[in-house]
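No lab work stands behind these numbers, since they all come straight from the coordinates. What you are looking at is a predicted structure, and each value in this text was computed from that prediction instead of being measured. We place every Cβ from the backbone using ideal geometry, glycine too, and count neighbours over all the protein chains shown.
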Amino acid sequence: DGGITQSPKYLFRKEGQNVTLSCEQNLNHDAMYWYRQDPGQGLRLIYYSQIVNDFQKGDIAEGYSVSREKKESFPLTVTSAQKNPTAFYLCASSIDHATASKFFGPGTRLTVL
Amino acid sequence: SQQGEEDPQALSIQEGENATMNCSYKTSINNLQWYRQNSGRGLVHLILIRSNEREKHSGRLRVTLDTSKKSSSLLITASRAADTASYFCATVLTGGGNKLTFGTGTQLKVEL
């Protein structure tokens, strides 16, 4: 089955710790994205990558980091510098650029204790 | 502020009725997309309408786009309980590359 997966589904971490969220796709998509969703809100773009070994900051990149060493994988690290990390994180991919629709993963709910 | 703003924020209807959600945006777009999200899940792409299109249909979905008013509407006809979800519009701005900017969403509840 082709698709995009995120793990884990639920993640708890202590304040001050870094944590990495996984996102994998086997759709052969070039572009991948990370969004954050807070309760009752729309999605906000954290980082995106149009091609392997390249990525750009989105609207709320502070306190986050990413890497794109392989086409299939786009992990997101939530660092201790992120002031309000508790949120629902969604990864997405698309074939290419502006006109393409996005395929979303099931999301990871991160709670900082 | 958000590029897209949906209206209403929440909508409750009876099964079989039609549901209409509206989306307004602020700047020139390349295309506008509608997504659906079930509670606590990822988003599912429903339909994409380009800036030079005025109306598109997909099954029970009908989307319109009025670029002069910078607005779009999503109509779900003959709604079912399974349509209960949040619906988001998202825009790709003219010259905005592949960045998708989401609105705040409309929560739709379809009751039996």
For A:ALA87, the net charge from surrounding residues (Cβ-Cβ under 12 Å; K, R +1; D, E -1) works out to +3
Going by how many other beta carbons lie within 10 Å of each one, how would you line up A:ASP54, A:ASP59, A:ASP30, fewest first?
-> A:ASP54, A:ASP59, A:ASP30
What are the ³J(HN,Hα) values, in whole Hz, obtained from phi via the Karplus relation 6.51 cos²θ - 1.76 cosθ + 1.60 with θ = phi - 60°, for each residue of the stretch B:65-79 in sequence order, with x given for Gly and Pro?
-> 9, 10, 6, 5, 9, 6, 8, 9, 10, 10, 10, 10, 8, 6, 4
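Can you sort A:HIS29, B:HIS57 so the residue with the fewest Cβ neighbours within 10 Å comes first?
B:HIS57, A:HIS29
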What number, in percent, do you get for the relative contact order of the stretch A:27-88 if the mean sequence gap of Cα pairs under 8 Å and at least 6 apart is divided by its residue count?
-> 28
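Longer than 19 Å from Cα to Cα, which of A:LYS57/B:LYS69; A:LYS70/B:LYS99; B:LYS26/B:LYS99; A:LYS57/A:LYS83 are they? Say none if no pair is. Mind dumping the intermediate values first?
Details: A:LYS57/B:LYS69 31 Å; A:LYS70/B:LYS99 21 Å; B:LYS26/B:LYS99 15 Å; A:LYS57/A:LYS83 17 Å.
Pairs exceeding 19 Å: A:LYS57/B:LYS69; A:LYS70/B:LYS99.
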Gaussian network model of chain B, springs between alpha carbon atoms under 10 Å - residue of B:ARG41, B:ARG54, B:ARG62 with greatest fluctuation | B:ARG41
What are the residues whose amide H is under 5 Å from the amide H of A:LEU27, where those residues sit 5 or more places off or on another chain and H is modelled from the backbone?
-> A:GLY3
Which trypsin sites (Lys or Arg not before Pro) in the stretch A:52-86 pass both tests, a DSSP loop state and at most 12 other beta-carbon atoms within 10 Å?
-> A:LYS83
Ranked on Cβ counts within 10 Å of their own Cβ, fewest leading, B:SER79, B:SER73, B:SER68, A:SER73 go B:SER68, A:SER73, B:SER73, B:SER79
Whole-Hz Karplus ³J(HN,Hα) for the stretch B:35-42, in order, using 6.51 cos²θ - 1.76 cosθ + 1.60 and θ = phi - 60°, x for Gly and Pro?
-> 10, 10, 9, 7, 3, x, 10, x
Per-residue HN-Hα couplings for the stretch B:88-93 [Karplus 6.51, -1.76, 1.60; θ = phi - 60°; Hz; x = Gly/Pro] | 10, 9, 9, 10, 10, 6
Nonlocal amide H pairs with A:TYR47, under 5 Å, H built at 1.01 Å = A:TRP34, A:GLY58
